[in-house]
1. Here is a check on your reading of the model: is Ala437 in contact (Cβ under 8 Å) with a residue 12 or more places away in the chain, open to solvent by less than 30 Å² (accessible area, probe 1.4 Å) and within 29 Å of Met531 (Cβ to Cβ)?
2. What are the pairs, 6+ residues apart or on separate chains, where a residue within region 406-417 that is in contact (Cβ under 8 Å) with a residue 40 or more places away in the chain has its Cβ under 7 Å from a residue that is in a loop (DSSP other than H, G, I, E, B) and open to solvent by 50 Å² or more (accessible area, probe 1.4 Å)?
3. For region 106-117, which positions are out of contact with any Pro (no Cβ under 8 Å at 6 or more places or on another chain) and closer than 14 Å to Gly89 by Cβ?
4. When residues of region 283-331 are filtered for being touching a Ser or Thr at 6+ places or on another chain (Cβ under 6 Å) and crowded, with 21+ Cβ neighbours inside 10 Å, how many remain?
5. Scan region 143-164 and tell me whether some residue there is more than 18 Å from Val265 (Cα to Cα), of a type in the set (Gly, Ala, Ser), open to solvent by 10 Å² or more (accessible area, probe 1.4 Å) and modelled with pLDDT of 95 or more.
6. Give me a count of the residues in region 353-398 that are assigned to a loop (DSSP other than H, G, I, E, B), open to solvent by less than 10 Å² (accessible area, probe 1.4 Å) and not aliphatic (A, V, I, L, M).
7. Of everything in region 31-40, what is over 26 Å from Arg213 (Cα atoms) and in contact with a Gly (Cβ under 7 Å, 6 or more places away or on another chain)? Give them in sequence order.
8. Of the residues in region 647-674, how many are closer than 15 Å to Leu548 by Cα and hydrophobic (A, V, I, L, M, F, W, C)?
Amino acid sequence: MKLSVLLFCVLLCSTQISAHRKGGRIILENDSVSAIFDTATGALIGIADKISGWNMMRREVLGQSFELLLPLEGGAMSEGDCRYNVIRGVEQTSPVIEQSGGKLTFVWTGLKSERMREAADITFKGEVRLTGKGLEFSGTVVNDSRYMVEYVSWPCIGEITVPDKTQPLYQSTRNDIKELFPHFANRGAYWGIDYPTSTYILPEKSFLQVNNRDNGFMFYSRSLPKHTIITSFELIPGFDKRNTNPRGDEMDEQPVRIQFKASHVTYTQSHGTSVLDTLQFAPYKGDWAEGLKLYREDRARYSDKSVDQVPGWLTMPLTWRKIRVRNGDELFQYAEDCVKSGVDVLLVSGWYEWENARPLEVPGLAGAISKCHDLGLRVVLETNWLNTDRYAKGYKEVLRQYVMSDPFGLPYSYGYICPNAPDVCELVKDRWLSLPALRLADGYMNNDHNHSGKSYMCFDKRHRHRFGEPTINGMIKLDAEMACALGGKGVKAALGQGFLEQQNDIYAGCLLGVNDNFYVRHRYLEPHKTMLVRVDVKNARRGMNKALLYRMNLVYDLFFYNNRLSDYPHIVEYGNQIKSLRGRYKGYIWDAAFDGHDGMSIEGEDIEYSVFVNGSGKRAAVVCNMSGERSTQVRLVKGNLERLQYITPEMMECRPFNGSIELAPLSAVIIMER
């Protein structure tokens, strides 16, 4: 990784960068981006992507610098109190500006809002640096006032223009997408906000992407942020026609714009200092896939993957079954049914109960796991280090003190304990590592609480962590220590549930819990990672085709239906056909790198396709008809027709591909280079 960073620095140095003054302006620019700042206010008044030509902010009057929330609150409520006391950078005295190469530093002191009689003894230092791809924002807040700084918004961009009003503009993450234009969905409720607002929370969402078909920008942190970061778009001045973004530049003599902020939730105490997380703003040319490639490649230079060694069996194309048991006998009954249906791995939940503030495995579990091994089945146990049973004996005396609380001292959920409390990590290891079943099983899959109940941060002062400490900070540390203790040296499989990207650096694989339209994004971000997806009864064929498209293992999850897999012969038959296909043509569609749509272009109604390239450079396209009602004609638009052949899950002998083929509803075909 150090060599990669060194090469990146060499490339950066070879890029033409400059910072120069022109009148009352300072211009930062290189070959990729230009940014213009007002020297009187420090406001960012212009941004342009020089590669795509997107003038991302063009009206200087809308320029912004930073915002800071300083609630004016005392020990007791008074008429002078005001929680929503926002200090705006453009309303402050002129900042001190330092220039060094491709970096600008702005320093504002003695901050004040229109509600305040006197300036607060607060200093904010904001830094902007040119990078090879765009801009980097960092900063520090020094709070010597008697109040607490709740958040600092940096950067604030007063306008994100719509580059082309003939097509939609979106904001998205790895598992969600929202429209910014021509529709703007208000996600901030109808109270407590001034304008329609749409937000994402980092690091939960990994990154923010804004794009249309032709260009976009990525906004992200290269490492796990120390603070919760809320990205927000506001549609100003708003519109009485629901979810509509006005097309004109003005409405009722007010400038229409989409304003962007990144709010660092620091909770900087009186006489405290907070260093903001460094954030990347990287424009790019191309569709959404180009943005994900940019993010993936940049993050790869800086992330530290701690996966020690992956068990060999986990890298194979396998069929899984998700079950819930109450004792060892139930586990073995499932095993006998599943082994007849081609299942390779059992993913088991319900295998422990809480007693005396400890998880205890159900009767007969260890013996049943051994019997599963005798049948050739592997067993992976579902875990959740932080979830407890609030009704179990011993909870009140031992675990209640560690429950996460909000700023007012109220628990988010009585069932989840705080991973940042100093004693919790040792408590978890003491209780879980003593379970014989975890040692005997082939691996575990940890399901962290995924911010259930909006528990992004904990504010309980008894836990001796920072007020408003992000839950994920302690969770990542705990996950890494447990993975080392249970899955080190590749002996056992340590898996997660794909909640955070940083957790994928720890685990050898993950079970995705997102809408299947986002499988492709996860595969773009992790081209080689072992990924599992649930297949339910109602949409089984679609789910299996999605798994085939993106090189993911099937997990049968009957979920409230009949628990006998053998009662669903059509599902089992198609699953086994896919398994056989992957085994026979591993070199084309399994032991191969996912490459998006590169190298082959295919057309057809209702189709979805992906391209894989193997070590020999041979390409294979997996094509699926996603319609459940009508057949479609699949046509090759780009590719070497003379060298192509095709197979299907139902017909695994290669046949010459002549440029087109009719594909039945919910069916798949693999088109391969000879």
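The values are calculated or read from the model by the stated rules, or taken from the named source; none is laboratory data. Since this is a predicted model, take the numbers as computed values, not measurements. Here the Cβ is made from the backbone with ideal geometry for all residues, glycine too, and neighbour counts use every protein chain on show. Areas reflect the complete protein model, heavy atoms only, side chains present, ligands, DNA and RNA absent. Shrake-Rupley method; radii C 1.70, N 1.55, O 1.52, S 1.80 Å.
1. yes
2. Asp406/Tyr412
3. Once the filter is applied, which keeps residues that are out of contact with any Pro (no Cβ under 8 Å at 6 or more places or on another chain) and closer than 14 Å to Gly89 by Cβ, region 106-117 yields Thr109, Gly110, Leu111, Lys112, Ser113, Glu114.
4. The total comes to 1.
5. So far as region 143-164 goes, no, none of its residues is more than 18 Å from Val265 (Cα to Cα), of a type in the set (Gly, Ala, Ser), open to solvent by 10 Å² or more (accessible area, probe 1.4 Å) and modelled with pLDDT of 95 or more.
6. Initial filter on region 353-398 (assigned to a loop (DSSP other than H, G, I, E, B)): 356-357, 362-364, 375-377, 384-386, 388-394.
So of that shortlist, the ones also open to solvent by less than 10 Å² (accessible area, probe 1.4 Å) come out as 357, 362, 377, 385-386.
Narrowing the set further to residues that are not aliphatic (A, V, I, L, M) leaves 385.
So the count comes out to 1.
7. Ile36, Asp38, Thr39, Ala40
8. Count: 8.
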